[in-house]
Each structure stands twice: as structure tokens, then as C-alpha cells.
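The values are calculated or read from the model by the stated rules, or taken from the named source; none is laboratory data. Computed from a predicted structure; not experimentally measured. Counting neighbours? That spans all protein chains shown, and the Cβs are built from the backbone with ideal geometry, glycine included.
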Amino acid sequence: MLVEPLNPVINPGLEGVIAAQTRLSSVDGQAGELIIAGFPLEELAERATFEETVYLLWYDTLPTAAQLESFQAALAAYRSLSETALTLLRGAAQARVPVMDALRMAASTLSLQPSSTLGADSGQNALAVVAAFPTIVAAYWRLLTGQEPIPPRSDLSHATNYLYMLTGQVPSPERVRGLETYLNTVVDHGLNASTFAARVIIATQSDMISAIVGAIGALKGPLHGGAPGPALDMVFEIGQADQAEAYLRAKLERGERLMGFGHRIYKVRDPRAEVLSAAAERFYQADGNLALYELAKAVEHTAVDLLAEFKPGRKLQTNVEFYTALLLHGLDLPTELFTPTFAIGRVGGWTAHCFEQQALGRLIRPQSVYAGPKDRQWLTVEWR
Ligand code: ACO
């Protein structure tokens with residue numbers, strides 16, 4: 001016999017529940033506005049280096065030239081991976097583990113650093129995770145594709161060094177700018193699922209590495225950070241603009257979701273899609289081939305129209321993932337690296353939220369309503 005819940009007000013997705021006050025970012029889903037530590041996204045994303053953005057989130061101010069220089073050096077000092085991490089990545093590559101799982105496993109090895117034990121300096125741990133993410137992802141990708149990892153260079157910027165470790169080539173300034181715009185765009189986004197996971201973990205007075213490892217697990221799912229790969233696959237499968245309607249209509253008739261569309265908060269076009277679409281257009285224009293960009297635009301328009309037809313009133317618009325796919329593809333990143341590259345950006349926000357939650361010092365502990373029976377009687381195994 002099931003017992004009826006006593007309290008019928010259950011909110012399984014926590015929509016509308018405000019569980020934190022933050023200075024890090026403001027998401028206005030009705031106006032389509034994203035503020036990062038006081039800066040409208042459009043003001044910041046195209047201008048800041050990733051190091052400047054992380055500094056801004058951690059210290060609530062832009063760094064002076066001297067502060068920036070020492071922050072860059074502090075991060076660069078944490079780029080190398082331990083032998084243990086590299087051995088683990090080699091084993092993971094042999095087992096062909098997905099990149100996000102390899103990132104999660106290797107991020108755990110950052111606990112091997114002497115500073116990382118429970119109660120230790122979170123600042124050192126935060127530097128270590130932000131600095132090491134690109135090295136882990138690049139090293140793992142090279143191992144997975146039968147190549148030896150390329151050690152990080154401390155004389156390159158965070159974004160430059162990531163692209164360098166993937167290919168062995170120092171990338172052009174346009175490529176670095178494209179990547180930095182992307183990393184800045186996704187660095188923080190209110191109390192999204194992975195950030196919430198990190199805050200829940202750190203709020204128990206656990207350590208920074210544990211919080212970040214939990215956040216990686218949350219980000220990996222297709223309803224959060226796992227959508228850009230499938231979004232790009234969809235554009236490629238469509239192939240030409242006049243096929244978009246038939247393809248997307250068939251998908252919706254089968255009850256499938258269109259990846260890169262819809263958002264829990266945004267009911268208008270995601271402002272990050274706007275920034276990334278502009279960055280992608282500039283990038284493809286500079287490359288002299290706008291064909292894929294134009295196809296993606298056509299797919300976007302058709303998808304938004306069809307979603308309005310199939311899901312009237314749901315206000316399903318383009319989300320960040322759609323143009324993420326296009327921009328990262330333009331940077332020659334394989335689809336398998338899209339979500340890990342999202343993590344390389346978002347870890348800046350996760351760490352900042354951990355600092356904020358630590359300063360607050362409040363355990364996060366919601367409640368559940370019991371919906372099961374209360375009168376069961378024990379049966380020994382032979383009677384079940
Ligand atoms: N395609 C088709 N239908 C959709 C889509 C979509 N992309 N998104 C939502 N819907 C429909 C749902 O089926 C549902 O329909 P119903 O009311 O008839 O049952 C309705 O719209 C509302 O959907 P919910 O799932 O309740 O909305 P929620 O706020 O939980 O979902 C989410 C947000 C998960 C992002 C959803 O829009 C989705 O699955 N999108 C596709 C995946 C994607 O792009 N993920 C990346 C998100 S961006 C990020 O996290 C960084």
C-alpha cells in the first residue's frame with residue numbers, strides 16, 4: 001500500500017527555488033541577459049583573456065597588469081600532470097573511456113598534491129584544477145588518437161597552451177581569440193546543475209577537488225553540457241538548407257528533442273548563442289568559407305519555427321550549445337572535445353562558487369517527502 005504524500009508541494013526540478021546569493025553571474029531568462037561579475041556578457045566575452053575572467057570571478061575585480069602577470073604565472077606553474085595522472089590516462093585510453101570520464105578520473109589525481117587534503121588551502125587547489133584541465137584533456141585526446149602527450153608550455157596563455165598541447169602548433173591569434181571568447185562565454189551561469197553540485201559538495205566542508213570532480217559528473221549529461229556534439233551532428237546530417245524542415249519535422253514527430261534548443265531558464269534566445277554566433281561568423285568569414293555557418297543559421301531558423309509549431313507556448317529557443325558546436329568545430333576541435341572544453345571554461349565558475357559557498361559556510365540540505373509504505377513486516381528469506 002502506498003501512502004499519499006503529506007505535502008503535495010514537491011518541486012523535483014527545483015524550478016524557481018533560490019538556494020544561493022551570488023556576485024558571480026546573473027541570468028535573466030525573460031530578457032535574455034547574462035551578467036558576469038558585473039559585466040554584460042557582450043562587454044566581457046570578446047575582450048578578456050580567460051585568465052582575466054577567472055581573476056575577475058575569484059577577486060571581484062579586473063587585475064592590474066602586475067596582478068595579471070603573477071596570476072598567469074601562478075596558473076602556469078600548475079599545468080603539468082603527475083606520473084600517476086599520465087599512467088591513469090594511458091590506461092583509460094586503452095579502455096577507450098569517453099573524454100569526460102577520463103577528465104573526471106584524472107581530476108581526482110590532483111588530490112595527490114600536498115596542498116589538496118581536506119581543510120587545505122582551497123586557493124592552491126583551485127589554481128591546480130583550472131590549470132590542469134586543459135593538460136588532462138589534451139594529453140588524453142592525444143593518447144586516445146595514438147599520439148604521445150605534448151607537455152604544457154608555461155610561456156603561453158591558458159587558451160594558447162590548450163590548443164598547442166592538442167596539435168603541437170602554436171595557434172594563430174584569431175584561433176586563440178575564438179577559444180577565449182568561448183571559454184569566457186561559458187565560464188559561469190548562475191546555479192546551473194554542475195555548479196549546484198559543486199556547491200552542495202563544498203558546503204559539507206569537503207575539499208575543492210571533490211567538489212570539482214562532482215561537478216564534472218553533472219556537466220557530462222546531455223541535458224546539461226553534453227549537447228553540442230549531437231547539435232553539430234544534426235547540422236551535418238541535414239547537409240543542405242532545403243532538407244532542414246523534413247529532417248527536423250520527422251525528428252519532432254518521433255518525439256525526439258532537438259539538441260541545442262530549449263532551456264530551463266531562457267525563454268528567449270540564449271545571449272550566449274548570440275555572442276558565439278557572432279564569434280563563429282567572424283571566424284568562418286576570416287577562414288573564407290561561410291557555408292557551414294549559413295547552413296547552421298538556416299537549421300536554427302527552421303528548428304525554432306518547428307518547435308513553436310510542435311510545442312506551442314513552451315518558448316523553445318536556441319541555447320548556448322548550438323553555436324558552441326559551430327565555433328569549436330571551426331577551431332578544429334573534434335566533437336568528442338566539445339563538452340570537455342566546456343568544462344575547461346566552466347571550472348573557472350565552479351571554483352569561484354566554491355569560494356563563495358565556503359565564505360557563506362552553510363550546509364545545503366533540502367527535504368524530501370516520503371511516498372512509500374510505513375507498515376511493512378520482515379519476512380525471512382525463504383518466505384519472500
Ligand atoms: N526539442 C524538442 N522538445 C523540447 C526541447 C527540444 N530541444 N526542449 C524541451 N522540449 C519540450 C519538452 O518535450 C516538453 O514538452 P511537453 O511539455 O510537451 O512534455 C517541453 O518542451 C518542456 O520541456 P522540459 O524538459 O520540461 O524543459 P526543461 O526546462 O526541463 O528542459 C532542457 C531544458 C533540458 C535544456 C531541454 O530544453 C532539452 O532537453 N533540450 C535539448 C538538449 C540541450 O540542448 N541541452 C543543452 C542545454 S544548455 C546547457 O545546459 C548548457
Practice prompt. Could you tell me whether any residue of the range 300-311 is part of a helix (DSSP H, G or I), within 14 Å of the ligand (Cβ to nearest atom) and either within 16 Å of Ala280 (Cβ to Cβ) or within 16 Å of the chain's Cα centre (by Cα) (or both)?
Written response: yes
Worksheet item: Just wondering, is there one or more residues in the range 361-368 that are surrounded by 24 or more Cβ atoms within 10 Å (Cβ to Cβ), under 30 Å from Gln21 (Cβ atoms) and either among the polar types (S, T, N, Q) or away from the ligand (no atom under 15 Å from the Cβ) (or both)?
Response: no
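For the subset of the range 234-260 comprising residues that are of a type in the set (D, E, K, R) and closer than 12 Å to Ala303 by Cα, which member is nearest to the chain's Cα centre (by Cα)?
Filtering the range 234-260 down to residues of a type in the set (D, E, K, R) leaves 237, 242, 245, 249, 251, 253-254, 256-257.
Checking the rest, the ones that are also closer than 12 Å to Ala303 by Cα come to 245, 249, 251, 257.
Working: Glu245: 30, Arg249: 29, Lys251: 26, Arg257: 20 Å.
Per the stated criteria, the residue is Arg257.
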Worksheet entry | the range 10-45, residues that are at pLDDT 95 or above, in a loop (DSSP other than H, G, I, E, B) and either under 19 Å from Val347 (Cβ atoms) or of a type in the set (D, E, K, R) (or both) | Thr22, Arg23, Leu24, Ala37, Ala45
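Residue-wise test of (1) buried (at least 18 other Cβ atoms within 10 Å of the Cβ); (2) more than 30 Å from Ala128 (Cβ to Cβ); (3) polar (S, T, N, Q); (4) more than 12 Å from the ligand (Cβ to nearest atom).
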{"residue": "Lys315", "(1), (2), (3), (4)": "no, yes, no, no"}
{"residue": "Leu328", "(1), (2), (3), (4)": "yes, no, no, yes"}
{"residue": "Leu331", "(1), (2), (3), (4)": "yes, no, no, yes"}
{"residue": "Thr351", "(1), (2), (3), (4)": "yes, no, yes, yes"}
Practice prompt. Go through (1) more than 29 Å from Glu15 (Cβ to Cβ); (2) of a type in the set (S, T, N, Q); (3) within 15 Å of the ligand (Cβ to nearest atom) one by one and return the number of the condition Thr324 breaks.
Written response: (1)
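A quick yes/no check of all residues on (1) under 23 Å from Ala278 (Cβ atoms); (2) surrounded by 14 or more Cβ atoms within 10 Å (Cβ to Cβ):
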site	(1), (2)
Val9	no, no
Leu14	no, no
Ile18	no, no
Thr22	no, yes
Gly32	yes, yes
Ile35	yes, yes
Leu44	yes, yes
Glu69	no, no
Leu75	no, yes
Worksheet item: Of the numbered conditions (1) surrounded by 23 or more Cβ atoms within 10 Å (Cβ to Cβ); (2) closer than 18 Å to Trp350 by Cα; (3) at pLDDT 95 or above, Ala138 satisfies every one except a single condition; which is it?
Response: (2)
Discussion item. Can you tell me which of (1) farther than 28 Å from Ser26 by Cα; (2) in a helix (DSSP H, G or I) is the one Leu328 doesn't meet?
Written reply: (1)
Practice prompt. Looking only at the range 250-281, count how many residues are within 20 Å of Pro40 (Cα to Cα), within 13 Å of the ligand (Cβ to nearest atom) and of a type outside the set (Lys, Arg).
Written response: 7
Worksheet item: Which residue out of Ala244, Ala279 is over 30 Å from Ser25 (Cα atoms), among the small types (Gly, Ala, Ser) and in contact (Cβ under 8 Å) with a residue 12 or more places away in the chain?
Response: Ala244
Worksheet entry | Members of the range 182-214 found to be of a type outside the set (Gly, Ala, Ser) and away from the ligand (no atom under 16 Å from the Cβ), listed by number | Arg199, Val200, Ile201, Ile202, Thr204, Gln205, Asp207, Met208, Ile209, Ile212, Val213
Worksheet entry | Considering residues of the range 83-114 that are over 14 Å from Ile212 (Cβ atoms) and modelled with pLDDT under 95 only, the residue surrounded by the fewest Cβ atoms within 10 Å (Cβ to Cβ) | Pro114
Worksheet entry | Residue count for the range 52-63, restricted to those that are closer than 22 Å to Leu110 by Cβ and either of a type in the set (S, T, N, Q) or in a loop (DSSP other than H, G, I, E, B) (or both) | 1
Worksheet item: Within the range 77-96, can you find the residues that are without any contact (Cβ under 8 Å) to a residue 40 or more places away in the chain and farther than 24 Å from Ser157 by Cα?
Response: Thr84, Thr87, Leu88, Gly91, Gln94, Ala95
Practice prompt. Name, by its number, the condition in (1) within 13 Å of the ligand (Cβ to nearest atom); (2) touching a Pro at 6+ places or on another chain (Cβ under 9 Å); (3) at pLDDT 95 or above that does not hold for Gly345.
Written response: (2)
Discussion item. Just the residues that are more than 16 Å from Pro230 (Cα to Cα) and either modelled with pLDDT of 95 or more or in contact with a strand residue (DSSP E or B) (Cβ under 7 Å, 6 or more places away or on another chain) (or both), please, taken from the range 256-272.
Written reply: Ile265, Arg269, Asp270, Pro271, Arg272
Item to complete: Return the residue satisfying two criteria in turn: it lies in the range 170-196 and is over 15 Å from Thr351 (Cα atoms) and not in a helix (DSSP H, G or I), and of such residues it is nearest to the chain's Cα centre (by Cα).
Response: Pro171
